[in-house]
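Accompanying notes for the structure given below.
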Amino acid sequence: MNLYRLLTRDTPLPLRWLILAALASSIATLGVLALVNLAAGNIEDSGEDKVDWITAGAFVLALGAYAAGEVFLLRRFASHVEAAIDAVRMTLIRQVRDLAPETLDKTGEGQLFESITQSTHAISQNSQYIAIAFRSALLVIVLMGYILYLSMMAFVLVTVTVLIAGFVYHKRGKAAMEAHIAAFGQDQRLFNRITDLLDGWKEVRMFQPRRAALKTAYDAAVNDAAESRIEVQNRGFEQYIFGQVAFYFLLGVVVFVAPSYTEMTSEDLSKISTAVLFIIAPIGLVIQSVAVLGASEAAAGRTLALSAQLKEQAAYPTPRPNLNYGLLDDFQEITFEGIEYEYPAAGEDRGFHLGPVSLSVKRGEILFISGGNGSGKSTLMRILTGLYTPHAGRIRVDNRQIGSANIREYRSLIASVLSDFHLFERLYGLDHVRPEEIGAQLRAFGLESVVRLEGDAFSSVQLSTGQRKRLALVVAILEDRPLIVLDEWAADQDPEFRKKFYRDILPMLRDQGKTIIAITHDDHYFDAGDRRVHLSEGTHARNGEGVM
Ligand SMILES: Nc1ncnc2c1ncn2[C@@H]1O[C@H](COP(=O)(O)OP(=O)(O)OP(=O)(O)O)[C@@H](O)[C@H]1O
C-alpha cells in the first residue's frame, strides 16, 4: 500500500490503460492455450498430421496480441514509475531545502541520502514487478476460469493444491528473507571493516597491535559474511526445488486424482494438463513478485515516513515569489541581543547552553570572536548567519527585527566560510561574475598554479585543507555580499599567508565596505580587528581587548 501511495502521490496512475493491456495480454494467453488444445484435438479427430493454417494463423495472432499487450503494459508502467519516483525525489529535495539547518544536522545525511538515492533506486528497480504481479494474477484468474469450464473437480483440486503450496512457499520465503536481511547485516559489518582498512591505513600501518586486531576482526567478518551468503543461496535453491516439486505434484493431482472422482475423457485431461502447464509460470511470478515487492514496500514506507517527518519539521514555507531581497542591503548596524541556544542533554551527553550573548557589528567593521574549545563559537556563528534559530534573544538589522518572514532576506546579506563548509566544484549562482575577476582572485589567493576556471567550474577541488579554505573564501568574496562570516579561517594557513590574510586581505575587504565577523585564535593578530568579543564556556560574552 505504501508503494502504491508513493507511486500515485504526485502523478496519477494510468489505471484504465494498464488494466486494458493486462486484460489483452491475459486473454491472448488464454487464446494461445485454447488454440493449442484445439489443434491437438483436430489432429486427434481427423487423424491427419497436415498443418491447419487457419488455427496456426490464429495462434500467431494471439501470440502477437500477447506480446503487444505485455510490451505496452511494462513500458507504460515503467515510465510511470520513473516519473513518480522523480517527483518523489524532487519533493524530498525541496523538503530538505526548506528544512531548518539545525533539523538538517539532526536528521543526518545518512538517512536523507538513503531515502533520496538508495530507497528510490530500489523502488524504481523492482516496481515492474507490480505490473508483472498484476498481469500474472489476472492471467491466473482467466486460466482458472478455463479450468473450471473444463472440469469443476479439476478446478477444486488445483485451487486447493495451489493455495496450500503457495502458503508453504510464502512461509519458507519469509525465512529466506530473514536470512537475506541477516546476510545484509553481515555484509555491512564486512564493509565497515574494509572501510577501516582503507580509510585508516596510516593508523593501521603505524601500530602493530591495531593491525593484528583489525586483521582478526576482518577475518571474522569475512567468515560470517560468507556463511550468511551460503545460507541465503541454500535457501534460494531449496525454494526453487520446492516450487518445482509443487508444480509436478499439481500435475500429478490433476492426472491421478481428478479422473477417479469425475467423468473425464482423455482429451479433457490433456486440456486440463496443458492449462496447468500454462498457469504455473504466472503463479510463480505472483509469489516471487510478492517477495520482491516486500522490500520495495518497506523502502516506500521509509521514504513516506521521512517525507512526512520533513513536512512536519519544515521551517519555512516555500518563499513567495518577488520577495525583495535588497531591503536590508544598506544596513548600518546588526545587533544580537540576549542570544541563547540549547543543545539538550541526551544520555551521557550533558548538553550545552549558549548565552545569553549580546553583541553588535557596525557596517565596515572587523569583529573578531575568540574563546576556548567548546565555548560555543561555532554555534554562535550558525545563529549569527541565520542558520540556527536562537531559543531566546533577537537579531536586529538597524531597527528591523529578523524573524521567519525576513530570515531569507537576512541570510542573503551574508557570505560565509564556516567550519564544515562545502566547496562546490561549480560556481552555482555566480553566472554574472567575469572570468577575469575570478582569475584575479585565484592569483590574489595564491591558487593560480593549482586551480583553473573551466567553463563555470573549477578544474579541481582536490586541494590541501588550507587551499580549499582559500578557494572557499574566493567564492565567498565573489558572492559580493555586505557581510562576510569566517570560522577559524586562518587556522590552516601557512604563516606567510596567515599574515597576508590579517594584514592585507581583511583590510582590503573592509576598504571595499565589507563587514567581517571572524572567529580567531590568532592572538598575534587580534589588533587586525576593530573589536573582539571573547566567549567563555558559552554562558556569556565579555569584551575582549577591543572597544565594544
Ligand atoms: N549538534 C550538536 N548537538 C549537541 N551538542 C553540540 C552540537 N554541536 C556542538 N555541540 C556542543 O556544544 C558545545 C559548543 O560547541 P561549538 O562547536 O559551538 O564550540 P566551539 O567554541 O566552536 O569549539 P571549537 O573551538 O573546538 O571549534 C560543545 O560542548 C559541543 O559538544
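Quick notes
- Any pair with Cβ under 7 angstrom, 6 or more apart, that starts in the stretch 174-203 at a residue that is at positive phi and ends at one that is part of a helix (DSSP H, G or I) and loosely packed, with under 12 Cβ neighbours inside 10 Å: none
- Near pairs, Cβ below 7 angstrom, 6+ apart or cross-chain, from the stretch 469-489 (in contact (Cβ under 8 Å) with a residue 12 or more places away in the chain and under 19 Å from residue 437 (Cα atoms)) to any residue that is within 16 Å of the ligand (Cβ to nearest atom) and assigned to a helix (DSSP H, G or I): 469/489; 469/492; 473/489
- Evaluation of residue 259 against the conditions (1) free of Cβ contacts under 8 Å to residues at least 24 places away in the same chain; (2) surrounded by fewer than 14 Cβ atoms within 10 Å (Cβ to Cβ) shows that the sole unmet condition is (2).
- Residues satisfying the stated conditions in the stretch 425-453, i.e. surrounded by 14 or more Cβ atoms within 10 Å (Cβ to Cβ), closer than 15 Å to residue 472 by Cβ and within 36 Å of the chain's Cα centre (by Cα): 427, 430, 438, 442, 447, 450, 451
- The condition of being within 16 Å of the ligand (Cβ to nearest atom) and of a type in the set (Val, Ile, Thr) holds for only one of 475, 485, 450, that being 485.
- Residue match in the stretch 385-398 (condition: within 16 Å of the ligand (Cβ to nearest atom) and within 23 Å of residue 528 (Cα to Cα)): yes
- Residue in the stretch 357-377 that is farthest from the ligand (Cβ to nearest atom), counting only those that are surrounded by fewer than 16 Cβ atoms within 10 Å (Cβ to Cβ) and touching a residue at least 40 places away in the same chain (Cβ under 8 Å): 363
- Criterion applied to 500, 469, 514 was being modelled with pLDDT of 90 or more, within 16 Å of the ligand (Cβ to nearest atom), crowded, with 16+ Cβ neighbours inside 10 Å and in the same structural domain as residue 422 (by TED's automatic domain parsing), and the one residue passing it is 469.
- Filter result (under 24 Å from residue 420 (Cβ atoms) and of a type in the set (D, E, K, R)) within the stretch 442-469: 468, 469
The values are calculated or read from the model by the stated rules, or taken from the named source; none is laboratory data. Please read all numbers here as calculations on a predicted model, not as lab measurements. Using ideal geometry, Cβ is built from the backbone for each residue, glycine included, and neighbour counts are taken over all protein chains shown.
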